[in-house]
Amino acid sequence: MPKINVLPREIAELIAAGEVVERPASVIKEMLENAIDAKADKITVEIQRGGITYMRVTDNGCGISHDDVPLAFLRHATSKIKDGVDLDCIATLGFRGEALAAVSSVARVEMLTKTADSEFGTHYIIEGGKQLLYDEAGCPDGTTVIVRDIFYNTPARMKFLKKDVSEANAVSSVVDRIALSHPEISFKFIRDGKQLLSTSGDGELKSVVYSVLGRDFSQSLISVSYEFEHISVEGLTCKPVACRPTRNNQFVFLNGRLVRSGTVTAAAEQAYKNSAMIGKFPGFVLNITVPFDAVDVNVHPAKTEVRFSDEHRIFSAVYGAVKNALNTGDSRPAVSISKHTFNPFERMTTEQFRQQNIDEAVTAAERIYKQLPEIKKESFINKAPQGEMRLNDFEKPVFYGKTADDGAHTQEEPKRAAATAEPQKEDTGLKNTVSEEIPVTLIGEAFGTYIIVQKENSIFLIDKHAAHERILFNKLKAEHTPQSQAMLTPVRVTLEKREYDAVINNTDMLLKAGFEVEDFGNGSVIVRAVPPTLTGENIQLLIEEIAGSISDTSSVNIAREDNLFHTVACKAAIKAGSDTGDLEMLNLAKRVLSSDDIMYCPHGRPVAFEIKRRELEKQFGRIQ
Ligand code: ADP
Ligand code: MG
């Protein structure tokens with residue numbers, strides 16, 4: 001029988017440390033939470049080499065008294081909890097009393113700290129769990145913790161660290177998130193000597209969002225303010241047009257703490273259904289306040305994933321909040337004609353409209369929540385874009401007729417040759433007639449945007465940009481040899497690191513969309529050919545946009561390809577407000593009406609509305 005050994009303290013600490021300290025970012029998170037618990041209102045984070053060699057967190061909080069400093073580094077030593085009863089009511093951030101112990105067992109830690117009422121501060125050094133210095137020192141009120149050479153004594157863990165840049169990015173995102181959750185605290189973040197973030201601490205969420213997420217994003221925000229069955233949802237959410245290919249700009253705070261919740265993400269994203277482009281995700285900062293008994297925060301050791309005792313209620317609250325914001329914000333026209341309730345003579349007041357939308361939102365939330373399979377609610381966060389399922393329904397090529405196998409490809413050949421011979425921006429591909437003759441009469445066009453046609457016993461209003469975009473998108477998806485037009489002079493485009501990586505890792509995919517792009521090194525690429533419909537575009541902007549649409553490495557290939565095709569289709573489609581010839585309009589209408597799968601544009605907006613003759617006759621009192 002093997003003998004049972006009690007592990008020496010250092011080894012036990014090392015094992016325990018593994019749960020808390022995974023990488024520099026997890027150290028920074030713990031230190032920041034301690035500083036916040038200490039009521040600091042100015043906090044500076046500095047790192048070098050991604051935090052691997054050096055991390056410093058300085059705060060102006062309450063400090064630790066001289067006698068308590070060594071205790072703070074003991075496992076299960078905490079000033080924040082006294083007995084089991086406290087566990088039910090976790091008002092402070094840290095409560096396990098093991099962060100300092102864990103960090104000091106896998107790194108060299110130095111602390112300078114002073115409370116306001118003591119004359120001297122304390123200088124303390126501990127390395128690999130061993131105390132090396134415990135002295136008095138002159139220092140300002142507050143605490144500075146310096147962590148050097150993380151994992152210097154555990155080479156096996158060291159190996160799991162990523163490149164400096166990745167570690168630095170992870171730290172940066174921790175600081176961003178924490179700064180966003182505390183507008184009342186002024187944060188500074190310095191990376192390799194460069195100050196990357198500085199928030200004012202003026203208490204305004206808007207100003208933190210500005211500092212953290214940048215000007216562009218902050219300008220596209222709509223306020224959220226909503227209450228539903230004791231759950232309050234406050235914050236900011238982006239306009240549908242500002243949705244991005246990644247979920248990086250999604251922040252959820254629960255009772256002041258940053259959390260992850262599949263339910264909240266799902267609810268917010270559902271609210272954008274039909275208004276945001278499929279494969280793009282909304283950005284938002286949502287502060288949710290719920291009664292303490294409605295949450296179970298202690299499910300995950302890293303304390304970010306939360307469970308709600310009533311997920312359904314949270315879903316409805318968040319969905320209602322975001323939907324309401326989108327409806328009342330300036331992101332949608334003030335009147336909506338719905339296929340079913342079309343009534344041109346009835347005018348709603350803004351208040352009625354608002355209320356109707358809220359009512360709809362709540363019923364829709366109920367319905368959607370019931371339909372969402374359990375598994376999806378749980379693991380929503382890391383899943384591929386939701387639109388995927390719907391997109392598959394649209395995959396059939398429709399550009400030249402109804403189905404893929406009615407000779408579409410043979411018909412396509414002559415046109416492709418022609419397009420290459422005389423590339424023109426005006427080549428919308430809509431001058432050719434549709435193979436199948438269907439009885440459609442063009443009535444006209446309204447506002448340079450909506451084509452009005454009559455077909456049998458109905459009138460259709462068709463959004464020409466949305467319709468054309470969907471047609472081009474379906475075509476791109478169906479095509480195997482894309483159209484591509486060589487540029488007279490290849491264009492060199494310089495990109496940001498992420499964009500550059502996205503482009504050079506996806507040159508095959510780009511080729512499928514008609515872009516011939518080559519790596520030119522040093523963050524730049526050479527663009528040799530683009531789809532013929534896009535030769536007139538600003539190539540730099542175009543490639544940047546395209547890079548953005550494929551830069552989400554977490555999403556699956558097919559989703560990235562869809563994003564790319566959406567972007568290309570959108571750019572190439574005829575614009576609302578532009579001049580379109582009668583023949584083109586008629587052909588566009590015929591294509592829309594001859595295929596069942598052109599119902600929504602790739603952004604999820606409807607392509608056409610139908611007004612039935614019967615409806616009109618009812619309105620005019622011709623029939624009852
Ligand atoms: P926990 O935060 O779970 O209590 P830690 O190991 O993170 O455990 O910290 C141990 C104790 O050290 C805390 O309870 C707190 O009393 C003290 N402490 C740590 N960091 C700070 C700080 N920046 N300012 C004031 N006190 C601190
Ligand atoms: Mg702590």
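The values are calculated or read from the model by the stated rules, or taken from the named source; none is laboratory data. Just so it is clear, the model here is predicted, and its values are computed rather than measured. Don't worry about glycine lacking a Cβ; one is built from the backbone with ideal geometry, like all the others, and counts go over all protein chains shown. These area figures cover heavy atoms from the full protein model, side chains too; ligands, DNA and RNA do not enter into them. Shrake-Rupley method; radii C 1.70, N 1.55, O 1.52, S 1.80 Å.
Once phi is turned into ³J(HN,Hα) by the Karplus curve 6.51 cos²θ - 1.76 cosθ + 1.60 with θ = phi - 60°, what whole-Hz value does each residue of the range 112-127 show in order, with x for glycine and proline?
For the range 112-127, the Karplus-derived couplings read 10, 8, 8, 8, 5, 8, 9, 6, 10, x, 10, 10, 9, 10, 9, 10 Hz, x marking Gly and Pro.
Rounded to whole Å, give me the distance from the Cα center of the range 456-517 to that of the range 97-151.
Measuring centre to centre over Cα atoms gives 56 Å.
Can you work out the Karplus-derived ³J(HN,Hα) for every residue in the range 191-207? Use 6.51 cos²θ - 1.76 cosθ + 1.60 with θ = phi - 60°, whole Hz, and x for glycine or proline.
10, 6, x, 10, 7, 9, 8, 8, 9, 6, x, 7, x, 8, 4, 4, 6
Measure off, as a whole percent, the carbon and sulfur share of the 1.4 Å-probe accessible area of the range 159-254, all protein chains present.
48 percent
What is the packing order of peptides 312-325, 208-221, 225-238, taking the mean over residues of other C-beta atoms within 10 Å and listing the highest first?
Top to bottom by mean Cβ count within 10 Å: 312-325, 225-238, 208-221.
Tell me, what is the FRET efficiency for residue 184 and residue 136 to the nearest 0.05, using R0 = 41 angstrom and their Cβ-Cβ distance as r?
0.80
Distance in nm between label sites at residue 65 and residue 455, each 7 Å beyond Cα in the beta-carbon direction?
Spacing of the two 7 Å Cα→Cβ label points: 8.1 nm.
Let's test the formula: R0 of 22 Å, r as the Cβ-Cβ distance of residue 487 and residue 545. What FRET efficiency results, to the nearest 0.05?
It comes to 0.80.
Per residue, how much accessible surface does the range 221-283 expose to a 1.4 Å probe? Answer in Å², no decimals.
For the range 221-283, the solvent-accessible area averages 31 Å² per residue.
Identify the residues of the range 511-529 with backbone N under 18 Å of a label point that sits 7 angstrom from the Cα of residue 194 along the Cα-to-Cβ direction, or state none.
Backbone N within reach: 522-524.
How much length would be gained if the chain were fully extended between residue 508 and residue 522, taking 0.36 nm per residue of separation minus their Cα-Cα distance, in nm to one decimal?
Once the chain is fully extended between residue 508 and residue 522, it gains 3.0 nm.
Quote the FRET efficiency, to the nearest 0.05, computed for residue 582 versus residue 618 with a Förster distance R0 of 45 Å and r equal to the Cβ-Cβ distance.
It comes to 0.90.
In whole Å, what is the distance between the alpha-carbon centres of the range 245-298 and the range 559-579?
Value for the Cα centre distance between the two parts: 28 Å.
My understanding is that a pair violates if its Cα-Cα distance is over 19 Å; which of 280/323; 163/497; 455/612; 464/575; 273/323; 575/612 do that in this structure?
Cα-Cα > 19 Å for 575/612; rest within.
Between residue 41 and residue 120, what length comes free when the chain is fully extended (0.36 nm per residue of separation minus the Cα-Cα distance, one decimal in nm)?
Extending this stretch completely gives an extra 26.3 nm.
Sticking with the crude label model, points 7 Å out along Cα→Cβ, report the distance from residue 292 to residue 230 in nm, one decimal please.
The answer from the label model is 1.4 nm.
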